[in-house]
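Below is one structure; the comments refer to it alone.
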Amino acid sequence: MEATPVRIAAAEARKRLCRGRPLIGPALEMSCWRGRKHGKYACDSSDYIDTERCLKKAFLADWSHTTGGQVLQADMKGRAFGVREGKLSKEIIEDIMDGLFEHYPMILRVFTYYSCIGSETSGVVHGIGRAGYTRMINDARLDALDINDTGRRSPSGDRKVARHAKLRGEDGFDLLWATVNTTSTTNNKSQSSTNSKERLARSEFLEWLVRAATDELPPKDFGQNVRWLCEDMGYFLGLHENAALIFTNTNWFRLDACYLDEVNMVLTRHQQTLRSIFDVYAAATGVGGDVAERADLMNYEEWSLLWSTLGFTRELSDRKVGTIFSNSRMMVINENSKLGKSAQLERLPFEGFLEAMVRVADVKILPLEDEVRESGHKYPGEYLYSLRPDGQLELYKGWAVKTKRARDQEDVSDPIWIRLEYLILIIVFVMQQGTQASSDVKAADAGLRTRASDDIALSTTEVNKYLKNPKPNLLGTTEIETTGPSFHSDAIAQARLEKKLRKHTNNQIEFQ
């Protein structure tokens, strides 16, 4: 059966059905998510999901910055979408607009995913950079050099390459990249202060789609070709191994996994810990050279720093860390608004951070509740630490591989609220044990001690202390390779973490 974004999203939704009591009406208004709608950084949709009204406004804002949108606003004065001879009629431009709007939800998801490519080095998760652009061209089978039989079908009926495939280079997609990034209309004064010429902004991505679909074709076919390009992109990316990640429906996840009574109770129970982590890492001023730093908002590099210092990045992968951050943002109508860009487009408020934590709990390798109970341990962190006797990781690695296989192939997993509880408790374990080892002069000889009390809350003092001298290898998660060989050796990963931390503390950091 053909794998499509719709089928993938439907399967993802079915997997989460009946997973708890949904928060509805007054219950949602009184929950930990209230700030998303009523707080200082309330989202543009003025709701707990990205509404259709908000989506339409965002599309119109993006469309207004394309050359087609500018021509319509100027009463058909000017040239739209790089047409070399003659002018496009109003009917053709509006047909192109309709074609883009039909596929706008898919376009947004593709844009979000490929904006995260290379984020581990750039620190940017909004706008498709060179690395993401190249990967998108390849994944969507738009590079004609890969397969010369353009449009030809295999015996199984699958097309080998997209209908609008063309070569890279000066006359192909490389030229198109440069053209869209330097077109005066898509880089007008209102965008100049927020739009990088090294990345395709959301509105520029619409411009790029139209130009990629209509280059040297008859104007009367422009609207249809835009639809065909979007259909092909959805088809081929739907066959990609990361299709479920690319086409994640953020609203479905919020409704099925976040806005649940059980999840709200877990987040409320651990509010002090979560707030301490958020406050400390969101205030990590200087990380990534964030000139518009806000202490009450978390940028991508601060989010990435959290998982690096915990030692979970290798298991989760930079791609998932970035995509989770991006999917936890609410829709911003005007991407060129300085307030929207700094408050929601490039950063997470506390409620966005909570959603991101739920998303991590949904994908991370975690022990089962029964497994921890039968082991005789009270806390999941202690159980995981017991799987590495005398610092050996073979038992831990075997457990991780077995657990991942059971979940992926047999759907053996606890409900999301139990997974979230365990994720938070594991973070508490790592930070408490890490700070304790740092303060104990005999820690190097005696090793890490087990928790001596039932204190499962982290203060800002503890989190700050851990951030200054983290112990990222405590549970061995940096040693796990879940998807084949990695080009990051432990030394490279540690050096990258050390560099980030030096920016924050301006001190030499020593690691175990």
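Please treat every number below as a calculation from the coordinates, not as lab data. Quick caveat: nothing in here was measured; it's all calculated off a predicted structure. For neighbour counting, all protein chains shown are included, and Cβ atoms are generated from backbone atoms with ideal geometry for every residue, glycine included.
Tabulated results
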item	result
Residues whose placed amide H lies under 5 Å from that of Leu200, excluding near-sequence neighbours	Ile128, Gly129
Ranked His164, His38, criterion: other C-beta atoms within 10 Å, fewest first	His38, His164
Potential lengthening between Leu395 and Asp261 on full extension [0.36 nm per residue; Cα-Cα distance subtracted]	44.6 nm
Amide H contacts of Met298 (H built 1.01 Å from N, under 5 Å, at least 5 apart or other chain)	Leu348
The stretch 189-274: radius of gyration over Cα atoms, expressed as a fraction of 2.2 N^0.38 Å	1.70
Distance from the stretch 377-431 to the stretch 207-234 (C-alpha centre basis), Å	48
Cα pair distances in the stretch 314-378, grouped into 10 Å bins until the bin that holds the longest one, percent each	19, 35, 25, 13, 6, 1
Where Rh is the Kirkwood radius over Cα pairs, Rg/Rh for the stretch 33-173	1.04
Extension gain (nm, one decimal) between Glu410 and Phe101, 0.36 nm per residue minus Cα-Cα	107.4 nm
Amide proton proximity set for Leu23, modelled H, under 5 Å, gap of 5+	Leu260, Asp261
Sum of side-chain charges, His240 neighbourhood, beta-carbon under 11 Å (Lys, Arg +1; Asp, Glu -1)	0
Neighbourhood net charge (12 Å Cβ-Cβ; Lys/Arg +1, Asp/Glu -1) for Asp171	-2
Table column - 3J(HN,Hα) (Hz), the stretch 164-175, Karplus curve with 6.51, -1.76, 1.60, x for Gly and Pro	9, 5, 8, 6, 7, x, 5, 10, x, 5, 5, 5
